[in-house]
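Right, one structure below, let's go through it.
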């Protein structure tokens, strides 16, 4: 593996963290592109060798990508389709962090005929779906799958038990848009903030409820023929009641700008978070019901790949994949998302992933991923059970 050229579009929290992580591998040449000079300024603190490039007004992105091997769309959701189209025109491998938007499907399907296309490579969609496929494969046949994901403050300091961990626009989307699911083996949509449950993880109480956007494409899990698949978000107890008060009792569901302003100004930025990924499969073995649960816990980065050797305490201050200026610590959610993406990029560059076609999560070696150099340093002793 040598001379693999990577362009990351977007110098926000995720783009910056991924760039610093990849740049510590001498076999990668990493370049960060952005239309904001202020966003690129944050990368000047990086000790890892990487390049920056200001995209000028009217400049065609596909021409800038000429000669690159891979482009990463670390941009707001609304800009992902434009990066996908640029990747198609430049004929370069492609990776992003969200469920594929409708406007990006055609260019990515065309690109997949000649290049690798890796969509939805964050935590959820992304890592959580890959872990789910491994669990389904191990315990097949399975009747029910529940995926629960939550990035939460290690030390909650308000009644919501929450803070600015990812980006507020994404949080509002999760709480207000329909949720993709499987029921009786068929794709359907559920209402968000429903199917409530209480649970404990290592003696700590949580609540879980349906939210949008965590599953991405259902095809990967549907091939294992589960009867029911549900995605839920994990929160500390009481969070759901307070959010329903804001959304429904105060009517902020129809006043998105006011809700966003309230959350952005009222919630603290969280750097010391814990990411929980909890998967449960249910099945029948003869007449006996069987249930298996796998719970992984990821913490903020501490090791040399993620910490001071690469970027001091820098990493972004909000706005999701496209926001931030790279001047705050990398939290567990951002670090895990970028570590999963870096694992896939390393596999692609090293010939372990197919060089053409859409990413197949079910084909990935989960044990190797969790013990690899990117994800292993983030695991808090929770990967003892093999996949």
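Here, each number is a calculation from the coordinates, and none is a lab measurement. What you see is a predicted model; the values in this text were computed from it and never measured. No Cβ is skipped: glycine too gets one built from the backbone with ideal geometry, and neighbour counts run over all protein chains shown.
For the chain, the equivalent ellipsoid derived from the alpha-carbon gyration tensor has semi-axes of 31, 25, 21 Å in decreasing order.
The peptide list 162-168, 278-284, put in order of mean Cβ contacts within 10 Å with the highest first, becomes 162-168, 278-284.
For the peptides 71-77, 254-260, 238-244, residues were scored by their other Cβ atoms within 10 Å and the scores averaged per peptide; the highest-first order is 71-77, 238-244, 254-260.
Protection proxy ranking for 349-356, 111-118, 364-371, using the average of other Cβ atoms within 10 Å per residue and placing the highest first: 111-118, 364-371, 349-356. Put simply, the convex hull of the Cα atoms in segment 127-247 casts, on average, a shadow of 7.7 nm². DSSP bridge analysis restricted to the chain gives an antiparallel fraction near 55%, rounded to the nearest 5. Relative contact order of segment 127-315: 30 percent, from C-alpha pairs under 8 Å at least 6 residues apart in sequence. Its residues counted as N, segment 1-69 yields a C-alpha radius of gyration over 2.2 N^0.38 Å of 1.06. Fewest neighbouring Cβ atoms within 10 Å first, the residues 57, 62 line up as 57, 62. Calculated mean residue ellipticity at 222 nm for the chain: -8000 deg cm²/dmol, from DSSP H runs with n ≥ 4 weighted as -39500 (n - 2.57), summed, divided by the residue count and rounded to 500. Taken along the Cα-to-beta-carbon direction at a fixed 7 Å, the label points for residue 27 and residue 242 span 4.6 nm. Measuring between their Cα centroids, segment 202-260 and segment 1-68 lie 33 Å from each other. When you restrict to C-alpha pairs under 8 Å that are six or more residues apart and normalise by the size of segment 53-192, the relative contact order lands at 13 percent.
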